[in-house]
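*Asks:* Take a look at the following structure, please.
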């Protein structure tokens with residue numbers, strides 16, 4: 001289902017945050033033309049996180065740039081700049097994730113684009129906003145996690161903060177940019193006017209923490225406290241956390257401690273009759289649970305807790321999750337293919353419309369793969 005059919009996006013972005021936004025627009029049916037530097041292209045083409053390669057390029061690039069076209073142009077070359085302006089003339093959306101000031105130096109900043117084509121929606125991601133002392137810092141995911149306190153929320157109280165094991169801030173910023181673009185497209189239908197949509201990774205990371213940050217702001221600015229063991233959430237009482245069992249791990253969410261003690265046969269929990277103690281003494285409660293749960297395997301505990309509607313789950317790795325019927329029924333994986341026949345398994349768009357998943361079998365483009373076709377289609381001057 002091509003909900004954004006007829007929408008053309010000129011995407012100058014690289015790495016993860018911007019390309020993740022244009023990926024979602026492509027999933028929704030937009031045409032995304034990725035503008036890349038001749039010879040090297042998006043640096044993400046060579047950003048390896050493992051030894052796995054697709055067509056001698058990184059799996060990250062092929063995952064996040066599927067269903068797009070690649071057009072090479074030197075943004076510093078006057079002749080190529082003329083070509084880019086002709087592309088922008090045909091665009092509904094222009095987007096990038098360069099540091100503040102870069103696009104202005106190249107002559108393709110919002111003011112320049114708006115002066116020529118006020119109907120174009122201009123969207124940009126920065127690391128830390130458009131001004132301030134952090135403006136020029138590298139907008140790298142781990143650094144943004146560190147500066148915004150995300151790792152502080154993870155890990156046990158007396159241990160080092162633990163960052164999330166994925167590029168969470170990149171993807172959050174990309175998601176929010178896509179949301180802003182969609183809203184601007186809706187407004188454009190009413191007014192015919194473009195808009196400037198801006199997202200920073202810093203603000204995205206803070207919005208991600210709205211629950212805990214709001215509590216902090218309204219709690220005398222008392223820092224959230226991690227549990228000493230089996231930590232799960234700074235502001236949630238026991239039993240919330242992950243516990244070792246005789247053979248694996250068990251996740252326990254919110255629950256009544258007295259009921260839990262009775263079901264598990266953990267008599268020591270009976271003394272915590274006051275619900276207030278479930279937070280005030282959560283470390284003591286978690287210590288008792290942690291010791292008790294190692295006496296049986298995970299399935300034993302699930303067989304007791306799940307029929308009683310206790311919120312719990314086995315803790316799976318990717319391999320184990322894929323074996324579960326609950327995962328398989330979703331058909332979350334799909335295979336895409338490049339024009340040279342290279343195949344890659346990846347995840348599909350998680351959105352369904354009228355019960356239909358949004359899929360495309362077209363893989364990521366090779367560098368400059370669509371130059372000739374785009375030159376012909378848009379009547380661009382050959383270079």
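The numbers here are math on the coordinates, done by the rules we state, and not lab data. Just so it is clear, the structure is predicted and the values come from calculations on it, not from any experiment. Note: ideal-geometry Cβ built from the backbone for every residue, glycine included; neighbour counts use all protein chains shown.
*Asks:* Where in the stretch 162-269 are there strands (runs of 3 or more DSSP E), lying wholly inside it, with at least 2 residues that are over 23 Å from residue 100 (Cα atoms)?
*Replies:* Filter on the stretch 162-269 gives 241-244, 249-252.
*Asks:* What is the residue count in the stretch 25-61 for residues that are under 30 Å from residue 186 (Cα atoms) and assigned to a helix (DSSP H, G or I)?
*Replies:* 4
*Asks:* I've got another one for you. Can you tell me which condition residue 38 does not meet? The list is (1) touching a strand residue (DSSP E or B) at 6+ places or on another chain (Cβ under 7 Å); (2) closer than 16 Å to residue 121 by Cβ; (3) surrounded by fewer than 19 Cβ atoms within 10 Å (Cβ to Cβ), and all the others hold.
*Replies:* The failed condition is (2).
*Asks:* With on the phi > 0 side of the Ramachandran plot, within 25 Å of the chain's Cα centre (by Cα) and surrounded by fewer than 21 Cβ atoms within 10 Å (Cβ to Cβ) as the only criterion, which of 6, 29 stands out?
*Replies:* Going through 6, 29 in turn, just one is on the phi > 0 side of the Ramachandran plot, within 25 Å of the chain's Cα centre (by Cα) and surrounded by fewer than 21 Cβ atoms within 10 Å (Cβ to Cβ): 29.
*Asks:* Consider residue 319 carefully, then state whether it is within 34 Å of the chain's Cα centre (by Cα), over 25 Å from residue 224 (Cβ atoms) and surrounded by fewer than 16 Cβ atoms within 10 Å (Cβ to Cβ).
*Replies:* So residue 319 fits the description; yes.
*Asks:* Mind listing whichever residues of the stretch 350-363 are within 21 Å of the chain's Cα centre (by Cα) and surrounded by fewer than 17 Cβ atoms within 10 Å (Cβ to Cβ)?
*Replies:* 350, 351, 352, 353, 357, 359, 360
*Asks:* Of all residues in the stretch 101-131, which are assigned to a loop (DSSP other than H, G, I, E, B) and over 22 Å from the mean Cα position of the chain (by Cα)?
*Replies:* Residues satisfying the conditions are 101, 107, 108, 109, 117, 118, 119, 120, 131.
*Asks:* Kindly establish whether residue 138 is surrounded by 15 or more Cβ atoms within 10 Å (Cβ to Cβ) and either free of Cβ contacts under 8 Å to residues at least 60 places away in the same chain or not in a loop (DSSP other than H, G, I, E, B) (or both).
*Replies:* No.
*Asks:* Then there's this: Being within 30 Å of the chain's Cα centre (by Cα) and part of a loop (DSSP other than H, G, I, E, B), is that true of even one residue in the stretch 369-380?
*Replies:* Looking through the stretch 369-380, at least one residue is within 30 Å of the chain's Cα centre (by Cα) and part of a loop (DSSP other than H, G, I, E, B).
*Asks:* Specify which of the listed residues (308, 364) is farther than 22 Å from residue 58 by Cβ, outside any helix (DSSP H, G or I) and touching a helix residue (DSSP H, G or I) at 6+ places or on another chain (Cβ under 7 Å).
*Replies:* Within the list 308, 364, the selection yields 308.
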